[in-house]
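Student: Please find one structure pasted underneath; my questions will follow.
Every number in this text was worked out from the coordinates using simple rules, so none of it is lab data. Just so you know, these numbers come straight off a predicted model, no measurement behind them. As a convention, Cβ positions derive from the backbone with ideal geometry for all residues, glycine included, and neighbour counts pool all protein chains shown.
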Amino acid sequence: MNSPLNLWYLDDGVLAGDAATVVEDLKLLMVEGAKLGLELNFAKCEVFSFGGGLEEQKTGVEEVLRVSAAIRVVAVSDLTLLGAPLLTDAIPLVMEEKTAQLGRLVSRVSILSSHHAFFLLKNCLALPKLLYVLRCSPVWQFSGKLQEFDAVLRRGLVSVCNIRLDNTAWSQATLPVALGGLGLRRADELSLPAYLASAHSVSTIALAITATFHVEQILAAGYAEWSTRAAVPLPEPDRRTFQRDWDQPLADVQFARLLAAADIVGKARLRAVATKESGSWLNALPLTALGTHLIDNVFRVAVGLRLGAPLCIPHTCGQCGGPVDQFGHHGLSCRFSAGRHSRHTALNELIRQALSSAEVPATKEPPGLLREDGKRPDGMTLTPWKDGKSLVWDVTCVDSVALSHLVQASSGAGKAAEHAEQLKVVKYSTLPDDYIFCPVGFETFGSWGPSAKLLLKEIGKRGKMFSGERRFSEFLSQRVGIAVQRGNAASVLGTAGQERDLAAVFYVLQARESF
């Protein structure tokens, strides 16, 4: 073929040049294809003419249509290639189609459970379906169309999770999971980083195709916009092909803005949920058979607590008679908390099971091993853990926003859990030297204490070695997160006045599903 531009991807091709050359190649393609038993589907073929005068464009189109009248003539606003706009004029129409598609998908996933619907929305149906367009075209210049897409996404999240989101909660929800969000990214936020990274990724091959391609000139406006938003220097030249390097500074600015505007409770919550471990449950596959699926009300409470969204109407706690505000935090620290004991049991059992998978048999509440107050530790290994000594552990899960921990939690992630671990060390200071004691501290908002991180990391390393599962640590972290969220939900829902036995049954059924 003689067309200057001759591009193919599987059975989709693009021929570009003067009308006579393109027609010659089209006829050649028909002849040679027929020899192989292949035919062109002219109903799916499109022709677009540009350059020269209007009369020349019209003549060129007519010449192509003589080959087949079924070929569709497209306007500049309809010109796409493999679904991506070729010119900026086509971006609005493509975005409108993507927005309408998302609206249909959101209405359909509502028949699923909240956890399943959210997982599909986050990982398959929202930004994943739009990212290709964002990387191929400068969609970031059309903020209005991006905001329309994001508005549909926001309504979908509200519908799926059954919670009210103000602008602050919505802003946090669209942060990456590692920064305390839900990982449900906004198109308006991601469009510029996606396009900048993609343009740099293809710059070498684009320059080989046309010597007039100069990425720095093409992206000058994008650089200026990004610098205004990020307020930091551009990424290093060898890092500009990585979308994360363009996206992370913008997300950091958004998180810093939320943190600066938050009160002391908000700061404690934001610092806690921005730890790696606290968001692990959001990445777990929601499978009932594996015990990683959260029922609708539990998922609603888990998302609401993470985002600081209202969960209930202010009322009096049915367990202790104390006041419960719209955020439901009272249930997490109530002395008659409906989920505290069940959560403790679930976390303790997870550690025992993980040790067993790592070929370290263990028992819970070992007899004959008492501290000064007569209470037994949560568990002990039956074989030596290190240096010929058995491991003894004790689990605790403290409320990040309880008055007794609020100052610590607001000063740094995991500080409340770390303080709880230090208290455990003091309580077990009289333990014989024949044992290695390890406190395992967690927080209701997902942070782990330093000792908990070290122990579970070591268990994960040994579990990976013995089981051969390279994601052993990741799965263990996810199950810990799921257990904490179930306990939180039982505690929050328990303030509504249900019988204590019913609340226990509610959680025990879920815990049984986990194990």
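Student: Based only on the alpha carbon positions, what is the Kirkwood hydrodynamic radius of the range 111-233, in angstrom?
Tutor: 16.0
Student: Going by amide H atoms built from the backbone, whose H comes under 5 Å of the H on residue 379, apart from near neighbours?
Tutor: Under 5 Å from the amide H of residue 379 lie the amide H atoms of 365, 393, each far enough along the sequence or on another chain.
Student: List the residues whose amide H sits under 5 Å from the amide H of residue 445, counting only those 5 or more places along or on another chain, with H placed 1.01 Å from N in the peptide plane.
Tutor: Excluding prolines and chain starts, which carry no amide H, the hits are 400.
Student: What percent do you get for the relative contact order of the chain when only Cα pairs under 8 Å and 6+ apart count?
Tutor: 13
Student: Turning to a different aspect of this structure: Using Cβ counts within 10 Å as a stand-in for footprinting exposure, how do 25, 378, 387 rank, fewest first?
Tutor: By the 10 Å Cβ count, ascending: 387, 25, 378.
Student: With θ taken as phi - 60° and the coefficients 6.51, -1.76 and 1.60, list the Karplus ³J(HN,Hα) couplings across the range 396-406 in order, rounded to whole Hz; mark glycine and proline as x.
Tutor: Values per residue, Gly and Pro as x: 9, 9, 9, 7, 4, 10, 5, 4, 6, 10, 4 Hz.
Student: Under the Karplus relation 6.51 cos²θ - 1.76 cosθ + 1.60, θ = phi - 60°, what is the ordered set of whole-Hz ³J(HN,Hα) values for the range 15-22, x standing for Gly and Pro?
Tutor: Result, ordered by residue: 10, 9, x, 6, 4, 5, 5, 4 Hz.
Student: Mind listing which trypsin sites (Lys or Arg not before Pro) in the range 323-369 are in a DSSP loop and have 15 or fewer other Cβ atoms within 10 Å?
Tutor: Qualifying residues, ordered by number: 335.
Student: Still on this structure: List, in order, the whole-Hz ³J(HN,Hα) value for each residue of the range 242-247 obtained from phi through the Karplus relation with A = 6.51, B = -1.76, C = 1.60 and θ = phi - 60°; use x for Gly and Pro.
Tutor: Coupling constants for the range 242-247: 9, 4, 4, 5, 8, 7 Hz.
Student: Also, I was wondering about something else. So what's the angle, to the nearest 10 degrees on a 0 to 90 scale, between helix 91-109 and the longest Cα principal axis of the chain?
Tutor: Its long axis makes an angle of about 40 degrees.
Student: Something else about it: Set the Förster radius R0 to 56 Å, insert the Cβ-Cβ distance between residue 370 and residue 259 as r into 1/(1 + (r/R0)^6), and round the FRET efficiency to 0.05.
Tutor: The pair residue 370/residue 259 has a calculated efficiency of 0.80.
Student: Oh, and also: Work out how far the C-alpha atoms of the range 5-74 reach from end to end along every principal axis, then list the three figures in whole Å, largest first.
Tutor: That works out to 39, 23, 19 Å along the principal axes.
Student: In addition: Which of the trypsin sites (Lys or Arg not before Pro) across the range 96-199 are loop residues per DSSP, with 14 or fewer other Cβ within 10 Å?
Tutor: Passing both the DSSP loop test and the Cβ count: 164.
Student: Something else now. Cα axis of helix 296-307 to longest principal axis of the chain: angle in degrees, 0 to 90, nearest 10?
Tutor: Taking Cα atoms only, the helix is inclined about 90 degrees.
Student: Where does the range 330-514 land on Rg/Rh, using Cα atoms and the Kirkwood Rh?
Tutor: Ratio of gyration radius to Kirkwood radius: 0.97.
Student: Any idea what angle helix 220-230 forms with the longest principal axis of the chain, computed on alpha-carbon atoms, 0 to 90 degrees, nearest 10?
Tutor: Tilt relative to the chain: about 10 degrees.
Student: Dipole magnitude of the chain about its Cα centre, charges +1 at Lys/Arg Cβ and -1 at Asp/Glu Cβ only, in debye to the nearest 20?
Tutor: My answer is approximately 1900 debye.
Student: Among 350, 290, 355, which comes first, second and so on when ranked by fewest other beta-carbon atoms within 10 Å?
Tutor: 290, 350, 355
Student: Another question, then. Take the Cα atoms of the range 259-341, build their convex hull, and give its volume per residue in Å³.
Tutor: Value for the range 259-341: 123 Å³ per residue.
Student: Give me the one-decimal Kirkwood hydrodynamic radius in Å for the chain, with the sum taken over alpha-carbon pairs.
Tutor: In the chain this quantity evaluates to 26.6 Å.
Student: Within the chain, what percent of beta bridges assigned by DSSP are antiparallel, to the nearest 5?
Tutor: Around 60 percent of the beta bridges assigned by DSSP in the chain are antiparallel ones.
Student: Taking the beta-carbon count within 10 Å as an exposure proxy, list 140, 170 from fewest neighbours to most.
Tutor: If I rank by nearby Cβ atoms, fewest first, I get 170, 140.
Student: Test of understanding: given the chain, find the longest segment containing no GluC sites (Glu not before Pro) that are in a DSSP loop and have at most 11 other Cβ atoms within 10 Å.
Tutor: 40-371
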